[in-house]
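Structure, as C-alpha cells:
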Amino acid sequence: MTDSKYFTTTKKGEIFELKAELNSDKKEKKKEAVKKVIASMTVGKDVSALFPDVVNCMQTDNLELKKLVYLYLMNYAKSQPDMAIMAVNTFVKDCEDPNPLIRALAVRTMGCIRVDKITEYLCEPLRKCLKDEDPYVRKTAAVCVAKLHDINAQLVEDQGFLDTLKDLISDSNPMVVANAVAALSEIAESHPNSNLLDLNPQTINKLLTALNECTEWGQIFILDCLANYTPRDDRESQSICERVTPRLSHANSAVVLSAVKVLMKFMEMLPKDLDYYGTLLKKLAPPLVTLLSAEPELQYVALRNINLIVQKRPEILKHEMKVFFVKYNDPIYVKLEKLDIMIRLASQANIAQVLAELKEYATEVDVDFVRKAVRAIGRCAIKVEQSAERCVSTLLDLIQTKVNYVVQEAIVVIKDIFRKYPNKYESVIATLCENLDSLDEPEARAAMIWIVGEYAERIDNADELLESFLEGFHDESTQVQLQLLTAIVKLFLKKPTETQELVQQVLSLATQDSDNPDLRDRGYIYWRLLSTDPVAAKEVVLAEKPLISEETDLIEPTLLEELICHIGTLASVYHKPPSAFVEGSRGVQHRRIPPRAGSVESAESPEVGQSGSSEAPPAVIPSQGDLLGDLLNLDLAPPTATVPSVQPSMQMGAMDLLGGGLDSLLGGDIGGSPSMGAGLGAAPTVMPAALGGAPAVGGGLGDLFDLGGGVGMPTGFYVVPKTLWLPAMKAKGLEISGTFARRGGIIQMDMSLTNKAMSVMTDFAIQFNRNSFGMAPAGPLQVLTPLSPNQTIDVSLPLSTNGPVMKMEPLNNLQVAVKNNIDVFYFSCQFPLSLLFVEDGKMERQVFLATWKDIPNDNEAQFQIKDVHLNSDAASNKLQGSNIFTIAKRTVEGQDMLYQSIKLTNSIWVLAEMRVQTGNPNYTLSIKCRAPEVCQFVYQCYEMVLKN
Amino acid sequence: MIGGLFIYNHKGEVLISRVYRDDIGRNAVDAFRVNVIHARQQVRSPVTNIARTSFFHVKRSNIWLAAVTKQNVNAAMVFEFLYKMCDVMTAYFGKISEENIKNNFVLIYELLDEILDFGYPQNSETGALKTFITQQGIKGQTKEEQSQITSQVTGQIGWRREGIKYRRNELFLDVLESVNLLMSPQGQVLSAHVSGRVVMKSYLSGMPECKFGMNDKIVIDKQGKGGTTDEAAGKSSGKQSIAIDDCTFHQCVRLSKFDSERSISFIPPDGEYELMRYRTTKDIILPFRVIPLVREVGRTKLEVKVVIKSNFKPSLLAQKIEVRIPTPLNTSGVQVICMKGKAKYKASENAIVWKIKRMAGMKESQISAEIELLPTNDKKKWARPPISMNFEVPFAPSGLKVRYLKVFESKLNYSDHDVIKWVRYIGRSGIYETRC
C-alpha cells in the first residue's frame, strides 16, 4: 500500500470531489478521502471547508479512520468552534468505551481541541479518566489536565483537577507518576508563587522510587522536577544525591544531564570536608566524558553544559583535557565548543599538548574556527606564564603565513600579551608593523594602533604610522578613532618636539569634526589636560596599567548559578536566562542554588545591592550629632552611587573590578583591557565626572565625616573604634588601622593610613580575598595625593556585596591585600555582622509568624545578654539604628517579649525573640535562622549595640 | 515542551507537520525552511532561535526533522527524542527517505500521536508500540490482550511484550571495540583508549531475567576479598580483570543495582539492541605497533621504512589491514617494496597505501619506499602527518571478557542450560596513529 499518491492530487475542483467521496457509502472510499484531506492539510492547503463532512466520518469502528478524523479535528476545530461541538458526543461516548486504548485516545484528543465551549463537556469524562482503572488511561488523563489548564486555568482550579493530579503522584504506576509530575511542573511554572508542587520529603521519596521504574522520558521529567526542590539539610541532600547517582550510567544523555543538574545543585549544600562530597565529584567526570561519544547534536548540548560546569567547578574535569581535542570529522559547532573548553582547562600541566593542538587547528579551513584557535593561543599565553614565550613564537609563525584573518587575529591577542607581560616581547613589534597595511578589521586596527602608541618611543617611525591612519579618520569605526586619539596623545607626551602638529590635528578632528560624544569628550579632556598641566597629563595618560585578568568570557556568577539550575535545557545551550528567550511569565522565575548548610554561598544579586544603597537612612529621630552624620551621608551618596552604576557595563571584567575602576578613573588605556568592548563604551562617559572634582570632594567629605564620626553617634549605626589592622613593622612602614560602618545603606570601610617610613608612598590599591558574604570594594581606594613620611590620611572605601563568595573561618573574617609602590601587604580583620543588616529588614508580622514556625527548632540558639540597663523601648530604638527591627511587642507577666527581624545583604533572614524582665539587667535572646552559623555573630552584634 | 514537529525533504517541502501547542503557528514551518534549510551558509548550530522560537534539527540522509518550541525545554531530551523517532520509523518502514515517509504518512501521524502527548515524550519502545500500532486497527483483541498492552506500555518493562515464544532459545553477544592510539616516533604511547559496545541479539521466550558478568576489576576484586576463594586464585584472576572508566546501559538494566552491587541484571528487549557502552584507558592491548623510519637524503629525496609488528596470540588472524603513509605535497615519484600485501602510491591522497589481507599474531612485516621530491623554494618544512592504520582483530583490545550471561525464566520450562549462547569479539581500529 503506498500512500504517497495522496500528495499528488492538484486538480481543480478538488475540494468538491473530496466532499463527494467523504459522503460516500463505501467505507474504503471514505478512508481514502480522509487520507487525501490530511495530506492536503500537511502541505498547507486549506481544507477547513470540509469540516462537517469529515466530522461525519467520526462515528466509525475503524480505529485508523477515527484517528485520522481526530487529527483533522485538532487542526481545524479552532476555526470552526460551532461545528466542533458536533464531535463532543462521540468523545463522551468513546470515553466510556470498554477498550482502554480508545478511552485514552478520546481523552487525549479532546484535550487538544482548543475550543472554550468544548472544555465544559470535557470535565466529566476527564474526571472519570483520572480515576480510570487502567494506568494507560490515567497517564493520558494526567497530561490532559495540563492541556486543559493551558486553555482555561480557572476551570481546572474550580473543578479540583489539581488536587486529583497531586494524588496521582502517589499512583502505583510509575508512568502515571511521571506524567503527573510533568503536568504539575508545567502548571506550577505559570503560577510561580503557588505551592502547587508541594515538594516535601514524602513526595520526594515517592518520586525517587518512581525514578527507578519509569521510562527514560519519565526519568527526565522526575529529575527536572527534583532539581527544583531545596533539601532541608545536608543529610537529606546527600541521601537524594545517593539515589540519583545511578542515573549517571543511563544510555539516554538527557537522563544523564538532568541527573548532573540535580547533583550539581544539591552538592552545594554538602559540607566540603565530607568524604561523600569528594566521591561525588569523582563520579561526575566519567559520565560527562561519555556524553562526548554521543551523536553530534547531543555533543553540542553536552559541551555547552560542560562549559558551565567547568566554570562552576573546574576540578571535575581538570584531568580530562584530551577528550576535548578536536576531531577532524567533528561538525563545526562541536569544534568551536571544544575549543572553548580547552582554553578553560588549559594549565601548566597540559599546556604543551594544548599548544600543539591549537597550532594544528590554526591551519584548518573554517575561518571562524581558525580565528578562535589563534585567539586561544593568546589566551594560553596569558593564562599560563611558562608558556608565554612559546605562544608568542607560535603566533609569529602564524603571522608569517600572511593569511589575512590569521594575522589580524594574532595581532589582537599579541596586544593582550603585551599588557600581561610588559617589557618582554616587544622585540616582535617590527614584525607586526610589517603587516600594518593588511589590517582591515576595526579590532585589529585598534589593537595595532594601541601597540604603536604604547611603544611609541621604540618605534622610529611611530609618527608616520599613526599619521597614515589619520588620513581616513572619519571613515574609521569609533573603536579605532578612540584608540588613535589616545595613541597620538601618548606619542606626543613621549616625543613632544616632533609631534605637536599631529596631536593638534587629531584633537581638532576629534573635537570639532566628530559627531560622536564619546570621542569628543575624550578629545576635550586630553586637550585641557595638555594645555593646563602637561605633567598631570603624563601621569594620567601614561599611568601604569593594571593587570588584565587571566580568564575571559566568564559568565557572571549570578547568571552562572542560574544556568547551573537549568542544565540540559535551552537556557544552558544559549547561556542566557529563560526570560531572555521565553515569552510571557512561563518559566521565567529565577532559580537559585540553595546555600550550603549554614554558610552563605549564594551571591547577592546586583539589583538588591543597588536598591539597598539608595534606601533612605533608618527613620530614627536624630539627635544633634546624628543629624550632622546624616546630612553628610546624603552628600556623600552621589559619588559612591556612581560606582554601582558603572558595574553592569563591566560584566566581563567583574572579577577585575578594582582594575577596571582604576582604569577608567585614570583615563589610561581602556582599550587595552580584555573587557575592551564594554570598557570602551562605558569608561569615557564616566571619566569627566571622575576626573572633575568628584574624588577630591569625596575625600574631603570623608575627612569631614570622620570628624563627625569621631564625635560619636549615640544612636544610629554603632561604629566600633578603629583598631590596628596592619602594624608598620609588618608592612615596611605602612600602618593601617580601621573600622567598618554602614551609612545610608552603604557599607564602608574607614581606614587611616599612616606612613611611618622614610620615603613617600604612592599608588595605593586594595583588594579582598573571597569571603563569606561576597564583600568587595565598590570602587578604587582613593588615595590621590602621595603619602609623605609621618603623614596620616583617612580614607573611606565603599563596599559592595556582589563579590565572589567563599566561606571563611570565622564567618566574619575578611582578608585584605593592600598595595603601594613598595610592595603588597596582607592582613585580615573581622567585621561586625551588623554591617550586613539591610534597611528593609522589617518583616511583615504574618510572614514572621510563618517563618518562625517554618524554621526547624534545631536552628534555634539561645543567648544571655548581661548587664544592660535599658528598658525594652530604649533597647528597641537602639537596635533599630543598626537595622534590627522590632516587629511586635508583647508583655506577659511583667516580661516584655520583643520580636525582631533582620535581613542580611544576601537575603538571609534572621528572626529573634528578646525577653526583657523589668528590673533585671539580663536579657534572654533566642535567634532562629535557616543558616544557624550566623546566630553567634548576630548575638555579638546585639551585645555590642546594647552595651555601647 | 515540544510545540511542534516537522519533517521536510531536501527542498524544504513539508512532508509531516504535527503541532502540539498553540504557540506554534503555521509560519514556524516556513521560518525553519527559510532560515535553515535554504540558508546560504553551512549550519552553525543544531539549535536555532528565530523570533523567540527555538528549532532543533537533525538530518537523516536528505530528510530534515525539526522540533519546535517556545519554551525553555530540556534540549538534551528533544534531541534524544528526535533520534528515537528516527529509530522508531526505521523499525516500522526501513530507511528514512522521502518516498518512505510519503508512503507511510498516516502511520507516522499515528505514531506521533502516541509517542508525543502535548509535547511530552511517551513510551517510544518499538517492541511495545508494535503491539498496538499496526495500521490494522484494533479488532480481534480480547480484554486480557488489551490490558496486557496498556500495562506494558505504561509499565516497568515497556521495552518487551509478554507472550513471546521461540522454539529454540538463543542469544548472541557481540563485543565490538574500537581502539584508538596516538604514539610518538619513539614508540611511546601518547594517548590510547578503547570505546566498546556490547550488542545483544536475544531470541528468548517469556520474560527472562538475565544477568551479565564480565571481568570488571571492581567485581573481581570484591569477590577476591570475599575470602572463600584462596588468595592465589584471587590474584591470578585479578590480573585478567580490566578497569572500566565509565559505562552506560540500555534502559532495561537496573541502574540502582549496578550502582550498589555492580551487577548487571535486566529483562532484555526482544531482538537486537545495545546492552552497554564502555570506555577503558588502562592496560590496552595494542594489536599493532608501527615503527617508522624517515630519512631525508638531500633536498629532493626521502627514504621511508615502516615496520609493523602484530602483537597478539599467533593463533589469531588480523584482517583488513591498511597502513597509510603520508607523503609530502611536492612528491614527484615513489618506489615501493613491501614484503607482504600490496602497496600503492596515491597521488590524489598524498599517501602510500599499503594493504594486507591477513596477518597472524607475533609476526612482522616491512615496507620501504623511496620518495622523490620536486625542488621547491618553499622554506616551510613538511609537517609530517602521522602514519595511520586500519585493521580488524578477533579479540577485545581492552581485555574485556564475558564471564557469563545467565538466563532465568521461572514461568516457562526452560533453564539457563537450554539457551544456546554465542559470544563474538571484534576489535577494530578507531584513530590509530603513529607520528613519524
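For the reader, a short list of remarks on this structure follows.
- Taking both sides together, the accessible area buried where A meets B is about 7600 Å² for a 1.4 Å probe.
- Dipole magnitude (debye, nearest 20) for the range B:288-393, charges at Cβ of Lys, Arg, Asp, Glu: 240 debye
- Histogrammed with a bin width of 20 Å, the alpha carbon distances of chain B distribute as 20, 40, 35, 6, 0 percent, first bin at zero.
- Above-threshold pairs, the threshold being 26 Å between Cα atoms, out of A:66/B:130; A:420/A:819; A:128/B:411; B:84/B:143; A:853/A:889; B:102/B:143: A:128/B:411; B:84/B:143; B:102/B:143
- For peptides A:292-301, A:493-502, sequence by mean Cβ density within 10 Å, most packed first: A:292-301, A:493-502
- Euclidean distance between Cα centres, the range B:149-182 to the range A:310-368, Å: 37 Å
- Unit charges at the beta carbon, dipole of the range A:274-377: most positive-side option, A:280, A:339, A:326: A:280
- Farthest toward positive dipole pole in the protein assembly as shown [+1 Lys/Arg, -1 Asp/Glu at C-beta], among A:72, B:407, A:719: B:407
- Helix-only [θ]222 nm of the protein assembly as shown, DSSP H runs n ≥ 4, -39500 (n - 2.57) each, per residue, nearest 500: -13000 deg cm²/dmol
- Prolate/oblate/rounded label for the range A:481-533 (Cα gyration tensor, a/c 1.5): prolate
- When the Cα positions of A:418, A:917, A:540 are compared along the charge dipole of the protein assembly as shown, A:418 comes out farthest toward the positive end, with charges on each C-beta of Lys, Arg, Asp and Glu.
- Cα gyration tensor shape of the range B:354-436, rounded if a/c is under 1.5, else prolate or oblate by comparing a/b with b/c: prolate
- Short-range pairs are left out: with C-alpha atoms under 8 Å and at least six residues apart, the relative contact order of the range B:294-380 is 44 percent.
- log₁₀ of I(q)/I(0) at q = 0.26 Å⁻¹ - the range A:281-347, Debye sum with one point per alpha carbon: -1.25
- Its residue count N fixes a reference of 2.2 N^0.38 Å for the range A:809-924, and the Cα radius of gyration divided by that reference is 1.35.
- Across the range A:238-287, Cα-Cα distances exceeding 13 Å account for 51% of all pairs.
- Euclidean distance of C-alpha centroids, the range A:752-767 and the range A:868-890, integer Å: 41 Å
- Distance between the 7 Å Cα→Cβ label points at residue A:426 and residue A:405: 3.4 nm.
- In this Cβ point-charge picture (+1 for Lys and Arg, -1 for Asp and Glu), the range B:4-124 has a dipole of about 560 debye about its Cα centre.
- Averaged over the residues of peptide A:132-138, the number of Cβ atoms from other protein chains lying within 10 Å of each residue's Cβ is 4.
- Accessible area of the protein assembly as shown divided out per residue, in Å², using a probe of 1.4 angstrom: 42 Å²
- Taking a ≥ b ≥ c as the square roots of the eigenvalues of the Cα gyration tensor, the range B:4-124 is classed as oblate, since a/c reaches at least 1.5 and a/b does not exceed b/c.
- The mean number of partner chain beta-carbon atoms within 10 angstrom of a residue's beta-carbon across peptide A:176-185 is 2.
- The range B:269-304 and the range A:498-547 have Cα centres spaced 62 Å apart.
- Cβ crowding within 10 Å averaged over residues, with B:196-203, A:26-33, A:847-854 ranked highest first: B:196-203, A:26-33, A:847-854
- Radius, Kirkwood style, for the range B:287-375 when every pair of distinct Cα atoms is counted (Å): 13.6 Å
- Here the Gaussian network model covers chain B, with springs between Cα atoms less than 10 Å apart; of B:70, B:355, B:211, B:70 fluctuates the most.
- Relative contact order of chain B: 15 percent, from C-alpha pairs under 8 Å at least 6 residues apart in sequence.
- Under a model in which nothing but the beta-carbon of Lys, Arg (+1) and Asp, Glu (-1) is charged, the protein assembly as shown shows a dipole of about 5700 debye around its Cα centre.
- With kT/(6 pi eta Rh) evaluated at 4 °C and eta = 1.567 mPa s, and Rh the Kirkwood radius from Cα pairs, the protein assembly as shown diffuses with a coefficient of 35 µm²/s according to Stokes-Einstein.
- Among the residues of A:211-224, the average count of other protein chain beta-carbon atoms within 10 Å of the residue beta-carbon is 6.
The values are calculated or read from the model by the stated rules, or taken from the named source; none is laboratory data. All of these numbers come straight from a predicted model, not from anything done at the bench. Backbone-built Cβ (ideal geometry, glycine too); neighbour counts: all protein chains shown. Side chains included, ligands, DNA and RNA excluded: accessible areas come from the protein's heavy atoms. Shrake-Rupley method; radii C 1.70, N 1.55, O 1.52, S 1.80 Å.
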